[in-house]
Amino acid sequence: MDDNHLKEPLIKRDLLSIADLSSQEIWHLIERATELKRGIQGANLKRKSLALLFEKPSLRTRVSFEVAMREMGGYALYLSPAEVGLGKREEIADVARTLSRYVQGIAARTFSHHTMEELSHYAIVPVINALSDKEHPCQVLGDLLTIYERKGGLEGLTLAFVGDGNNVARSLMLAAATVGMNFRIAAPEGYWLDEGSLSSARELASQSGSQVLCTTDPCEVAKDADVVYTDVWVSMGQGSEAESRRRAFQEGYQVTPELLSLAQAGALFMHPLPAHHGEEIAAGMLEHPQSVVFDQAENRLHIQKAILLKMMG
Ligand code: CP
Ligand code: NVA
């Protein structure tokens, strides 16, 4: 018998929040994704399997993870909400421990972020947050790649988020504050980001030399911004609040060509998709000359490859 059993167990690394990554690690992922996008493969994930454990629907996240695994020689296994019944048919802890015996990583999309944390606690393989009610780190890493490609850097730029203080907004704010981008958000009262996340972001921003601003005025945030970003007013799981949310956001929170024109000439218009045309964006915004929304969608594939290599390679 060899003495492998005496070695320290490897500590697995999860990606639950964008704040799990340092600025250096974010830059490393962007650089790796850029190489992978150019076709420089290097590493691969041969014989590695990834479980996609999804409680909510998905187009981009599911497809980009599946294609990323396939293109790197591995295999992705999609588990739909109906199949697993996370916490209903079976305890979350038991699902996490069982999956850990079959696959080398779990990408999970959950309603509650607590579910994500419980999966991470019990899984002995890396858990990647593929969206929870709190964060969407993979989306935001792809977005940083998109901004970097278009603007040639990140530090010192200003990102204006117009809309709900939701999962995407929270991850964007924390990412911006980590890499030194200024982050501004305009949302109606009652739809702001929570105080805890704001104070974490302000702490990160003070280290990176950037600023975080929260207001109710969309024009104030859009003025001279380098990026104008929005997302749906009603996120998955918020269907019961749809009417009150639409009422609150209809009061001036739609991104229109006029709002975008307050930003820098050449500012980017961004949206994670799916979009609701005529709600958070005026008709035609996806086709606007400053829109980079389909680059964002494509970059999910390249950044996901870099994330998978970091976590499972
Ligand atoms: N942006 C994004 O995560 O899209 P899906 O919900 O389609 O995966
Ligand atoms: N905030 C949206 C993002 C979808 C990618 C949601 O959670 O539904």
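Points worth noting:
- In the set (1) more than 15 Å from ligand 1 (Cβ to nearest atom); (2) in a helix (DSSP H, G or I); (3) open to solvent by 50 Å² or more (accessible area, probe 1.4 Å), ALA306 fails one condition alone, (3).
- Answer residue from the range 198-222, given it is among the hydroxyl-bearing types (Ser, Thr, Tyr) and within 17 Å of ALA160 (Cα to Cα) and is surrounded by the fewest Cβ atoms within 10 Å (Cβ to Cβ) among those: THR215
- Test for ALA130: is it among the small types (Gly, Ala, Ser), open to solvent by less than 10 Å² (accessible area, probe 1.4 Å) and within 23 Å of GLN238 (Cα to Cα): yes
- Of residues in the range 261-291 being surrounded by 13 or more Cβ atoms within 10 Å (Cβ to Cβ) and in a helix (DSSP H, G or I), the one nearest to ligand 2 (Cβ to nearest atom): LEU286
The values are calculated or read from the model by the stated rules, or taken from the named source; none is laboratory data. Every value quoted in this text rests on a predicted model; they were computed, and no experiment measured them. Neighbour counts run over all protein chains shown; Cβ positions are idealised from the backbone, glycine included. Just the protein is used for accessible areas: all its heavy atoms, side chains included, with ligands, DNA and RNA removed. Shrake-Rupley method; radii C 1.70, N 1.55, O 1.52, S 1.80 Å.
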